[in-house]
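**Student:** Dropping a structure here in structure tokens format, bear with me for questions.
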Amino acid sequence: MVPLSTLTPELARTLPGPSWLVERRVAAAAALERRALPSTDEEVWRYSRIADLELDDFAPVTGPVPSLPDAAVLPAGARAALDAVPERAAAVVVVDGAVVHVEHGDELRAGGVTVGRLAGAGAGAEALGAVTGEPADLFVAHNDAGTRDPVLIDVPAGTAVAGPVVVVSWVTADAVEVNDRLVVRVGEAAEVTVLDWQGSDDVSALCLPVVELDVAAAAHLRYLSVQERGPQVWQIASQVSRVGRDATLVSVQAALGGSYARCRADCRLVGRGATGNLSAIYFGERDQMLDFRTFQEHVAPDTTSNLLFKGAVSDTSQSVYTGLIKVDKAARGTNAFQTNRNLKLSDGAWAESVPNLEIENNDVRCSHASTVGPVDDDQRFYLESRGVPPEVAERLIVLGFFREVLDQFPVPQVAPLLRDRIDARLGRRARQEQES
Amino acid sequence: MSAPSELRIEGLRAAVKGRQILQGIDLTVRSGEVHAVMGPNGSGKSTLSHVLMGKPGYEITGGRALLDGVDLLALAPWERSRAGLFLAMQYPIEVPGVALVDVLEASFAAMGHDASLVPSSVRAEAERIGFDDKLLGRALNVDLSGGEKKRNETVQLAVLRPRIAILDELDSGLDVDALRACARRIESMTQADGLGVLAITHYSRLLTELKPDVVHILAKGRIQRTGGPELAEELERTGYADYVDEEPAAEPAKARVLDPSAHPAASGAAFGDAFADPFADPLA
């Protein structure tokens, strides 16, 4: 058999950690040999750039992880991400797959809240993989085999963490495969907000992050991911969540970076009365492709899911959204909504939007909507008639389009930053058009 | 008051999708004057306002429009605004996520004015016409009632201080109080700031609040008659019958069909019979 990559059981055995973690990785690496690269023939990979991926161009990062606390200077981008949220409850910085920095207050520690390395945590073995279960695709399997230093945020039952817990994942090495793993467990009636900031230097890397969100009964988890990888990075991410009885998950993604950047999100509403609110903003430029696959799975009765993904594509960039609302037989009383709206800002840009329903129970309220189109002419004319030049009018309209999601950011202080990033992209676009 | 302005429209002709709508309009509005353009549905009233502001989708087939000697038709819409033209739209467009203040600040900045004056000016103008402060924070025209949208247009007009304002059916959707508030604000601008107004309207309702100096009757794409305020009063009595080819019978007929009991078929005859002959009048 042709090896898919350099991530072999032998290599997995050299990765650091306690023996249970090493054995787990080795078993996962062995199972990899039976998996093939997906192809665009599969619906969930349709429209993707998976055929362009050369796994063997990237070597998994190996070597020991630094001991903590480490006085190492953080990469400037990682430092900036931390500084964006000064009033944080706790923080973890992961560089090239290894935890290098942990901030964890005494008060949280005393309250039994874990933030840091999963490998050393008492609940680590039990928590890792509890939500993902059988890997959904080759890349989750890769992460199982190659995750170097997984991170655990564990909030015990009844505990409300004030202020966001910030996780910054940064990549500085070239030609590496990075398998970041973040596991968030929120105990019964507990509450926490997590900011997951994914960035990199301008390197050519393959990032395969996996995030597990485990929300127990009556708990609240607000999760915000900011994907700002460098322009050469390939990212294939998976976010898997499990929401219990009367619990609520709010998950918001902001995706700007990467050459090809994909996120598959599986939200399973497993407890009666569970709610999953999923939203995203994305803005593609140059020739990048931003690719989203969502699964709203209603397993239990009286569950609610709301999905709102809004994106814009400029230059020759591309975006893909495909989503499935799946309502199981037992899930009577389901409310499920799915909306994907796309602005096509250039003739050369392209956006695909494919919403889908699969319903096995009659007692449900479901709707889906999707649009792909340019900036509305009437809106533009209205603003221009007030004396606003066309390029400014377009900027205002596009920023207004994103505001619906920006206003819902679980970490509100990040919203203006993302707005500025988008504004900068619109500004660059306007300048280019003036020059040409 | 700055130097007087003049909007001069000469022989303006325009088409939509190859169909000639404006057949040659001649009209001059000067600072401080209020001109009413009245006309039946389909006469070209809204087309005139759109063409003057530069809305895409219209083809200019002849004539010109000058604002203080500047050829408006050669300018982009935002440049026409900068030249001193304003259009209060009949159906103000909803722009999700975009705040009124942001738009006016962008406009001030483009004109080289001090944008920091915008928020206080917007608040003052809103208060002046009774536009609820809370609505100012909303996205433009989103979740506003018809009347609120027109007050919003009037606030923008007052903050932007154009030389000439076109009001396209400002009175539609406005309740009596709002109509009075908006009309009085505009009237005061004609006196204090020398604003020239081209008020396009179907009904004379607006003109009881905003007193016209000149009334034009627009029908079939041409100004058919021009006179003083008495012309509006005359129209109030006679309607537009003299200016259209025939009575627009289609409208009342539609209204009657909406009441199923008024339909002859409702009294017992099968509905199928009424539609057996597609040319038969179902109300005969």
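**Student:** Can you give the local net charge around B:ARG161? Use residues other than it whose beta-carbon is closer than 11 angstrom to its beta-carbon, Lys and Arg +1, Asp and Glu -1.
**Tutor:** Working: positive: B:ARG163; negative: B:GLU125, B:ASP193.
Net of charged neighbours comes to -1.
**Student:** Residues in region B:199-215, backbone N under 17 Å from the label point at B:VAL176 (7 Å along the Cα-to-beta-carbon vector): list them, ranges by number please.
**Tutor:** Answer for this model: B:204-210.
**Student:** Among A:ASN335, A:ALA280, A:THR371, whose Cα lies farthest out toward the positive end of the dipole of chain A, if unit charges sit on the beta carbon of Lys, Arg (+1) and Asp, Glu (-1)?
**Tutor:** A:ASN335
**Student:** Per-residue Cβ counts within 10 Å, from other chains only, averaged over A:373-380: what number is that? Write down the numbers at each step before the final one.
**Tutor:** Working: counts 0, 0, 0, 4, 4, 7, 7, 5.
Rounded to a whole number, the mean comes out at 3.
**Student:** What's the center-to-center distance, using Cα atoms, between region B:100-161 and region A:45-97 in Å?
**Tutor:** Their Cα centres are 46 Å away from one another.
**Student:** Okay, moving on. Sorted by average packing, counted as other Cβ atoms within 10 angstrom per residue and highest first, what order do A:184-197, B:74-87 take? Don't jump to the answer; show the numbers that get you there.
**Tutor:** Numbers: A:184-197: 23.5, B:74-87: 21.5.
In decreasing order of mean packing, A:184-197, B:74-87 become A:184-197, B:74-87.
**Student:** Tell me the net charge near B:THR47. Cut-off is 15 Å between Cβ atoms, B:THR47 excluded, with +1 for each Lys or Arg and -1 for each Asp or Glu. List each step's numbers first, then the result.
**Tutor:** Details: positive: B:ARG13, B:LYS17, B:ARG19, B:LYS45, B:LYS55, B:LYS220, B:ARG222; negative: B:GLU59, B:ASP168, B:GLU169.
In short, +4.
**Student:** To the nearest 20 debye, what is the magnitude of the charge dipole of region B:6-248 about its Cα centre, counting +1 on the Cβ of each Lys and Arg and -1 on the Cβ of each Asp and Glu? Spell out each step's value before the answer.
**Tutor:** Details: 28 positive and 36 negative charges, 92 e Å.
Around 440 debye, computed over region B:6-248.
**Student:** In degrees from 0 to 90, rounded to the nearest 10, what is the angle of the helix B:176-192 Cα long axis to the longest principal axis of chain B?
**Tutor:** With rounding to tens, the tilt is 40 degrees.
**Student:** Take the alpha carbon atoms of region A:241-310, find their center, do the same for region A:343-366, and report the distance between the two centers in whole angstrom.
**Tutor:** Result: 13 Å between the Cα centres.
**Student:** Another one. Residues in region B:80-98, backbone N under 20 Å from the label point at B:SER2 (7 Å along the Cα-to-beta-carbon vector): list them, ranges by number please.
**Tutor:** B:80-88
**Student:** In addition: Can you list the aspartates and glutamates whose alpha carbon sits under 14 Å from that of B:LYS55, skipping same-chain ones fewer than 8 residues off?
**Tutor:** Qualifying aspartates and glutamates at Cα under 14 Å: A:ASP376, A:ASP377, A:ASP378, A:GLU384, B:GLU79, B:ASP168.
**Student:** Could you list, bin by bin from short to long, the percent of Cα-Cα pairs of region A:233-273 in 5 Å steps?
**Tutor:** 7, 20, 23, 18, 13, 11, 6, 4
**Student:** Same structure again: R0 = 30 Å: FRET efficiency of A:ASP420 with B:ASP114, Cβ-based, nearest 0.05?
**Tutor:** 0.80
**Student:** Answer with one residue from B:GLY63, A:GLY271, A:THR6: the one whose Cα lies farthest towards the positive end of the charge dipole of the protein assembly as shown, charges on Cβ with Lys, Arg +1 and Asp, Glu -1.
**Tutor:** About the Cα centre, the residue reaching furthest to the positive side is B:GLY63.
**Student:** Right, something else. How much length is gained if the chain between A:LEU68 and A:GLU23 is pulled fully straight, taking 0.36 nm per residue apart and subtracting their Cα-Cα distance, in nm to one decimal? Mind showing how you got there, number by number?
**Tutor:** Numbers: separation 45, 0.36 × 45 = 16.20 nm, distance 2.38 nm.
Full-extension gain reported as 13.8 nm.
**Student:** Quick one: net charge around A:VAL203, please, counting Lys, Arg +1 and Asp, Glu -1 for every other residue with C-beta under 10 Å from its C-beta. Don't skip to the end; give the middle numbers.
**Tutor:** Values: positive: A:ARG229; negative: A:ASP96, A:ASP174, A:ASP201, A:ASP202.
Result for the local shell: -3.
**Student:** Then there is this: Can you give the angle from 0 to 90° between the axis of helix A:415-435 and the longest principal axis of chain A, with both taken from C-alpha atoms, to the nearest 10?
**Tutor:** Approximately 50 degrees, to the nearest ten.
**Student:** Separate question: Can you compute the label reach from A:GLU43? Point 7 Å from Cα along the Cβ direction, backbone N cut-off under 17 Å, restricted to region A:323-363.
**Tutor:** A:323-329, A:338, A:353-361
**Student:** For chain A, set up a GNM with springs between Cα atoms under 10 Å and report which of A:GLU43, A:GLU228, A:GLU360 has the largest fluctuation.
**Tutor:** A:GLU43
**Student:** So, one more: Against the longest alpha carbon principal axis of chain A, how many degrees, from 0 to 90 and to the nearest 10, is the axis of helix A:19-32 turned?
**Tutor:** The angle comes out near 60 degrees.
**Student:** OK, next. Per-residue Cβ counts within 10 Å, from other chains only, averaged over B:74-80: what number is that?
**Tutor:** 5
**Student:** Cα-Cα over 24 Å: which of A:LYS344/B:LYS150; A:LYS310/B:LYS17; B:LYS149/B:LYS211?
**Tutor:** Table pairs above 24 Å Cα-Cα are A:LYS344/B:LYS150; A:LYS310/B:LYS17.
**Student:** Out of the DSSP beta bridges found with both residues in chain A, what percent are antiparallel (nearest 5)?
**Tutor:** About 5 percent, rounded to the nearest 5.
**Student:** Through the Karplus equation 6.51 cos²θ - 1.76 cosθ + 1.60, θ set to phi - 60°, convert the phi angles of region B:159-166 into ³J(HN,Hα) values in whole Hz; use x for Gly and Pro.
**Tutor:** 6, 7, 6, x, 7, 10, 10, 9
**Student:** Have a look at A:GLY124, A:GLY158, A:GLY258 and tell me which one the Gaussian network model of chain A (Cα, springs below 10 Å) gives the largest fluctuation.
**Tutor:** Highest fluctuation among the options: A:GLY158.
**Student:** When the dipole is taken about the Cα centre of the protein assembly as shown, and only Lys, Arg (+1) and Asp, Glu (-1) are charged at their Cβ, what size is it in debye, to the nearest 20? Show your work: numbers first, answer last.
**Tutor:** Numbers: 71 positive and 101 negative charges, 81 e Å.
The calculation lands at about 380 debye.
**Student:** Per-residue mean of other chain beta-carbon atoms within 10 angstrom of the beta-carbon, peptide B:103-111? Display every interim value, and only then the final one.
**Tutor:** Values: counts 9, 3, 2, 9, 9, 2, 4, 6, 1.
That average works out to 5.
**Student:** Using a 10 Å cut-off around each Cβ, can you sort B:MET111, B:MET189 from fewest to most neighbouring Cβ atoms? Walk me through the numbers before you get to the answer.
**Tutor:** Working: B:MET111 13, B:MET189 20.
Arranged by neighbour count, lowest to highest, B:MET111, B:MET189 become B:MET111, B:MET189.
We did not get these values from a lab; they are worked out from the coordinates using the rules stated. Since we're looking at a predicted model, the values are computed, not measured. Using ideal geometry, Cβ is built from the backbone for each residue, glycine included, and neighbour counts are taken over all protein chains shown.
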